[in-house]
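A quick write-up on the structure given underneath.
The values are calculated or read from the model by the stated rules, or taken from the named source; none is laboratory data. Bear in mind the structure is a predicted one, so any value in this text is a computation, not a measurement. No Cβ is skipped: glycine too gets one built from the backbone with ideal geometry, and neighbour counts run over all protein chains shown. Calculation scope for accessible area: heavy atoms of the full protein, side chains included, ligands and nucleic acids excluded. Shrake-Rupley method; radii C 1.70, N 1.55, O 1.52, S 1.80 Å.
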Amino acid sequence: MEPFELTAARLAQELRARRISSHELVEHLFARMERLDPYLHSFLCRTRPLALQLADEADQRLAAGAASGPLEGVPVALKDNISVAGFPATCGSRILEPYRPVFDAHVVERLKEHRLPILGKTNMDEFAMGSSTENSAFGPVANPWDLSRVPGGSSGGSAAAVAARLTPLALGSDTGGSIRQPASFCGIVGLKPTYGAVSRYGLVAFASSLDQIGPLARTVEDCALLYSVLAGKDPRDSTSVGASVPDLGRSLDRPIKGLKVGIVREMVGEGIGPETREAIRRAARVLEELGAIVGEATLPHMHHAIPTYYIIACAEASSNLARYDGVRYGRRAAGGDLISVFEKTRAEGFGPEVKRRIMLGTFVLSSGYHDAYYSRAQKVRTLIKRDFQKALEEHDLLIGATSPTPAFRRGERCDDPLQMYAADVCTVSVNLAGGPGLVVPCGLSPDRLPIGLQILGRPFDEERMLNLGHAFQQATNHHLEVPSLASPEGEPEGVWGAK
Ligand code: GLN
């Protein structure tokens, strides 16, 4: 097997056994990226000097037998809204094109401490607003399973890069599904941790009460290992909780016998495509065979989740994005007086979806409408949260679809924002409630497009959720399916090396 085909856990073993060096691994992945990323456009920039510096440090420690973390020397890619000192953090936006953060995000500090070589920054919907990565100001990302389809969004670059084996690990952010939905569309694993489990310090804010950073990888085990590197208390993020992180490497293999799993009726019912529904039902049967007690669960307010999310997320975004005025960050338009500099900078710098959300957010917060929209949405948010509390009192874990359909075609939903928002129906309620969510591949559609099983747990109970996901992967082969990078024009030659 070629190194790119190995999981992060296997690569860590190879590195420790000195059968490959981290430096060689990084060069191997850069060469692969060079050849394949022109088809995908999953990376916005490479951070080559940093990758090699961290790889060399890892190699020294590995040679001395002094590796610290479980992933020492294993490469990772970062969504472009996560700050790495000295490198771009465009957030997929023209307005931040010239911006270079002067500090590292908390998660980047963690990666550096554990010497995971950072390969580059991945493409994304502008300011993480979108479900297809078509809202990137730098051009869209293609889905490695079918280049004519979207990879999901907004962490579409991270998901496509992992699925195409350009990197074993990546980080994304999830405000309303942006880790889970692209993981589902690209046939990989994505974890949205509980709100507060991972510090958001250095993550460019979209909607602060919903944003959370999390890992993407090809196996639950890899996600768990990376999560244990990231999680923990950080005083610089006032919402960071610092719950203790169990030894996930060990607890993953626990039997799932007796775990109570509820299939969320609303996540396998009306509006969910038949192939997706069937795949979730089949997954439930696998869990049952493994000894889980599978029953029915309900989240009765889930059908209010999309309007509630889009009111709250837009309101918070309109406030968070007020800082891009051409004075303190990034791009500045030439203009006459101060007000026209503000206006021109924002008019030129933001794309249409971001402008739409700023306007929506400003509207729902404006006097006279605040009570009718924003305050009401906050109340509905509480109802949604209670639904989760109740369902998770009766069940240890919940399962359902991640997205109503597999990956849709590029361009198909660009002219209809409401249809695009509808892609988030199964994911946004989890962010509103604050709990953790995991997506694991659970089958392919008749068109060979991946379908993802969503697993939801109690707040800060990532352990049990990962345990269930891992057990599912041990019992199934869905995650071993390989995308062809197939396009209508035909498969690029030599994509998968010698067969
Ligand atoms: N698709 C959702 C949106 O457009 C979620 C985005 C996200 O999680 N960052 O807002």
Given the conditions (1) touching a residue at least 24 places away in the same chain (Cβ under 8 Å); (2) away from the ligand (no atom under 16 Å from the Cβ); (3) part of a helix (DSSP H, G or I), which single one is not true for residue 288? (1)
Can you tell me which residue among 109, 126 is out of contact with any Leu (no Cβ under 8 Å at 6 or more places or on another chain), over 23 Å from residue 224 (Cβ atoms) and modelled with pLDDT of 95 or more? 126
What number goes with the only condition from (1) of a type in the set (A, V, I, L, M, F, W, C); (2) open to solvent by less than 10 Å² (accessible area, probe 1.4 Å); (3) out of contact with any Phe, Trp or Tyr (no Cβ under 8 Å at 6 or more places or on another chain) that residue 166 does not pass? (3)
Output the number of the condition that residue 394 fails; it satisfies all remaining conditions of (1) open to solvent by 20 Å² or more (accessible area, probe 1.4 Å); (2) at pLDDT 95 or above; (3) over 26 Å from residue 282 (Cβ atoms). (3)
Return the residue satisfying two criteria in turn: it lies in segment 442-479 and is assigned to a helix (DSSP H, G or I) and of a type in the set (A, V, I, L, M, F, W, C), and of such residues it is most open to solvent (accessible area, probe 1.4 Å). 475
Pairs, first under 21 Å from residue 305 (Cα atoms) in segment 167-192, second within 15 Å of the ligand (Cβ to nearest atom) and among the aromatic types (Phe, Trp, Tyr), C-beta under 8 Å, six or more apart: 173/206; 175/206; 176/309
Can you report the number of residues in segment 127-163 which are out of contact with any strand residue (DSSP E or B) (no Cβ under 9 Å at 6 or more places or on another chain) and surrounded by fewer than 24 Cβ atoms within 10 Å (Cβ to Cβ)? 5
Among the candidates 449, 453, 444, single out the residue that is among the hydrophobic types (A, V, I, L, M, F, W, C) and in contact with a Cys (Cβ under 7 Å, 6 or more places away or on another chain). 453
From 63, 77, which residue is open to solvent by 10 Å² or more (accessible area, probe 1.4 Å) and of a type in the set (Gly, Ala, Ser)? 63
Is it true that some residue in segment 263-275 is of a type in the set (D, E, K, R), at pLDDT 95 or above and not in a helix (DSSP H, G or I)? no
Residue 400 vs. criteria under 21 Å from residue 262 (Cβ atoms) and in contact with a Phe, Trp or Tyr (Cβ under 8 Å, 6 or more places away or on another chain): no
Options 358, 399; residue that is of a type outside the set (S, T, N, Q), open to solvent by less than 40 Å² (accessible area, probe 1.4 Å) and within 14 Å of the ligand (Cβ to nearest atom): 358
Are there strands (runs of 3 or more DSSP E) fully within segment 169-234 with at least 1 residues that are β-branched (Val, Ile, Thr), within 12 Å of the ligand (Cβ to nearest atom) and in contact with a helix residue (DSSP H, G or I) (Cβ under 7 Å, 6 or more places away or on another chain)? List them. 213-217
Do any helices (runs of 4 or more DSSP H) lying entirely in segment 322-407 carry at least 1 residues that are among the hydroxyl-bearing types (Ser, Thr, Tyr) and over 30 Å from residue 184 (Cα atoms), and which ones are they? 338-349, 352-365
So, in segment 73-125, how many residues would count as being among the small types (Gly, Ala, Ser), free of Cβ contacts under 8 Å to residues at least 40 places away in the same chain and outside any loop (DSSP other than H, G, I, E, B)? 0
Given (1) open to solvent by less than 20 Å² (accessible area, probe 1.4 Å); (2) at pLDDT below 95; (3) within 16 Å of the ligand (Cβ to nearest atom), number of the condition residue 422 does not satisfy: (1)
Please pick out the residue among 260, 192 that is in contact with a strand residue (DSSP E or B) (Cβ under 7 Å, 6 or more places away or on another chain), open to solvent by 50 Å² or more (accessible area, probe 1.4 Å), within 22 Å of residue 433 (Cα to Cα) and modelled with pLDDT of 95 or more. 260
